[in-house]
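So the structure is just underneath, and the comments pick up after that.
The values are calculated or read from the model by the stated rules, or taken from the named source; none is laboratory data. Note that this is a predicted model, so its numbers are computed, not measured. Cβ sites come from the backbone with ideal geometry, for glycine too, and all protein chains shown count toward neighbours.
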Ligand SMILES: [Zn+2]
């Protein structure tokens, strides 16, 4: 990294001095609030620099930049279209969020509009612009934010409280979890910490600190009456990040309080909880440290687990990480879709021990219960699955967690946004049928992507994920660097021993498995580079300067190359991009005798535009002997590799819920599979990931 973000802000008799070796940041900040601070400006999208219990640590924001290929293209889409367009929505009279702050600040008349959690979603959008700024240095982006931050500051109550809906509606604070007060401020803490990291300005951070101090005063007594308030607990991640920024231990204590309060009180009806949200829905039936299963709302769950993993990073508490590993096994190995998506149903039930049944929504269900058509799979759940896996990757150093991150990013996260960058899915089923669900009454399920969903949490979550994705590409190991994600990029970082590392990665991954790294600057003593060998990548080879690296290469591990590297060294990886049929565990009834097509990390689907007119997706079968041929189309759907194949269309005219089986007749036609993330970009369509296999 050519810049070091580590800055010590010292206020002496009202004069703020910023010490930094970043040229851009050497300028005194004219609007920096002069407060005595010893804040830590270093750190990545999460700041691991002082986290003692991690195997892998984050690189700094801006250390890695996508330069070519898949993620560079997606980042460009986010920078040029998705994030500015989303800003227009949030600041206009469709998205309401900014207006709510103006109203709470007394700058506008009227009551709040939109959902209770809109403040938090607006903070997420703000965060996404900060990552753009960290890479492109466009001061206008931060000038715009300064205006917004000024309004947010005016909206804040004198005692630090901030929640526009509660303030404007005159609702009693902490009277019901559904008002999302903690979710909103959690995103405030994260966003403000990132803002300080990338700008050095404390104007947003001071709002967050004032609010967190107030929050501490409310929750430090661990009042059992407030034990059920931790709904959608982004505040745990936010508080740990605020602790990392300010080094004020009370924020870490508060994060622990919110983890510990879960499951600490009887799950009786209580005025702070809607009856439908009691118990497992909100991960409150069982204390987290004793939980062994993924239960309840999939976003709430992943936010809680991510926050708890952040807490572990600072405390090293065994009982936390042990519980999180058990929960991960349940969530990923028995309740996750092929696309990395989570949350099998919109509405369901959770059966706890002792026969208690809780209603759950947008939630994890039983093991291997994996409906395709009605799968809920909220984009936020999928993204937060990647966030949780990034934290476990950091804690354990095991590449299996990065495999899940990658799976999510290419499939169940990216499917949330159109190729153009303006339309969104909220729920992400694996099959879409004409007449499948009555979408006119659905709150969040849609037949196709739409420009605005009244529940607008997923779009800014996806925006910030794409904007920060380069920060996930590498991690620092004890004596070197780990390659978590492949993609054309430039890395310029400082290893944990303070030495510089500069390298370039060239690749057209995932369309092509050739990846080339060139070392541009490094220390003279030996260090390691850990190359992730994905679970599906048997046969991967690694050459150094044209010679076999002579190391063992095992899928689902990091391949470790430790040597005395020098400028000009070239590492050439060849990751086989074989096309496979994938079947589900036989206990998944919904995929029995069906297969999906996968190539590298990309899950494919078949969609109406690639079928003869008026073909029902339910008539599509595939022979196990079918030849699957990659067909790269650089100018189609933003540049995709399609997979061409002969498919079989079954013709059957019988009707009825159950019918006598007649020998079907078949028609063989040429068709193509499209990446799942790119479906629904060619008009209204039917789609399926899994299709029945014909054993010929
Ligand atoms: Zn969402």
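Structure above, values below:
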| quantity | calculated |
| --- | --- |
| Hey, residue 329 free of Cβ contacts under 8 Å to residues at least 24 places away in the same chain and not in a strand (DSSP E or B) or not | yes |
| Filter pass, residue 289 being in a loop (DSSP other than H, G, I, E, B) and more than 16 Å from the ligand (Cβ to nearest atom) | no |
| Test result for residue 101, out of contact with any strand residue (DSSP E or B) (no Cβ under 7 Å at 6 or more places or on another chain) and modelled with pLDDT under 95 | no |
| Given (1) closer than 30 Å to residue 434 by Cβ; (2) surrounded by 24 or more Cβ atoms within 10 Å (Cβ to Cβ); (3) within 16 Å of the ligand (Cβ to nearest atom), number of the condition residue 296 does not satisfy | (1) |
| Sole residue being at pLDDT 95 or above and more than 35 Å from the chain's Cα centre (by Cα), chosen from 672, 665, 623, 680 | 623 |
| Strands (runs of 3 or more DSSP E) wholly inside region 578-696 that include at least 2 residues being more than 30 Å from residue 486 (Cβ to Cβ) and touching a strand residue (DSSP E or B) at 6+ places or on another chain (Cβ under 9 Å) | 620-623, 640-651, 665-675, 691-694 |
| Qualifying residues in region 420-450 (those that are assigned to a loop (DSSP other than H, G, I, E, B) and in contact with a helix residue (DSSP H, G or I) (Cβ under 6 Å, 6 or more places away or on another chain)) - the one nearest to residue 684 (Cα to Cα) | 425 |
| Matching residues in region 498-522 - criterion: being farther than 16 Å from residue 474 by Cβ, part of a loop (DSSP other than H, G, I, E, B) and touching a strand residue (DSSP E or B) at 6+ places or on another chain (Cβ under 9 Å) | 508, 510, 511, 512, 513 |
| Residues satisfying the stated conditions in region 332-345, i.e. out of contact with any strand residue (DSSP E or B) (no Cβ under 6 Å at 6 or more places or on another chain) and part of a strand (DSSP E or B) | 345 |
| Complete set of residues in region 216-241 that are surrounded by fewer than 24 Cβ atoms within 10 Å (Cβ to Cβ) and not in a loop (DSSP other than H, G, I, E, B) | 216, 217, 218, 219, 224, 225, 226 |
| Condition met for residue 311 (touching a residue at least 40 places away in the same chain (Cβ under 8 Å) and within 30 Å of residue 50 (Cα to Cα)) | yes |
| Any hit, region 30-47, residues being closer than 30 Å to residue 639 by Cβ and modelled with pLDDT of 70 or more | yes |
| Count of residues meeting criterion [touching a residue at least 40 places away in the same chain (Cβ under 8 Å) and either within 10 Å of the ligand (Cβ to nearest atom) or in contact with a strand residue (DSSP E or B) (Cβ under 6 Å, 6 or more places away or on another chain) (or both)] in region 426-457 | 9 |
| Filter result for residue 460 (modelled with pLDDT under 95 and within 16 Å of the ligand (Cβ to nearest atom)) | no |
| Verdict on residue 406 being away from the ligand (no atom under 16 Å from the Cβ) and in contact (Cβ under 8 Å) with a residue 12 or more places away in the chain | yes |
| Matching option when the condition is more than 16 Å from the ligand (Cβ to nearest atom) and under 28 Å from residue 133 (Cα atoms), among 394, 399, 412 | 394 |
| Any hit, region 261-273, residues being more than 16 Å from the ligand (Cβ to nearest atom), surrounded by fewer than 24 Cβ atoms within 10 Å (Cβ to Cβ) and assigned to a helix (DSSP H, G or I) | yes |
| Residues of region 346-364 satisfying the condition of being within 16 Å of the ligand (Cβ to nearest atom) and farther than 24 Å from residue 307 by Cβ | 346 |
| Qualifying position, being within 24 Å of residue 56 (Cα to Cα) and surrounded by 16 or more Cβ atoms within 10 Å (Cβ to Cβ), among 529, 551 | 529 |
| Selected residue [within 15 Å of the chain's Cα centre (by Cα) and over 17 Å from residue 446 (Cα atoms)] from 413, 395, 402, 381 | 402 |
| Selection from region 365-389 of residues that are more than 16 Å from the ligand (Cβ to nearest atom) and either surrounded by fewer than 24 Cβ atoms within 10 Å (Cβ to Cβ) or outside any helix (DSSP H, G or I) (or both) | 365, 366, 367, 368, 369, 370, 371, 372, 373, 374 |
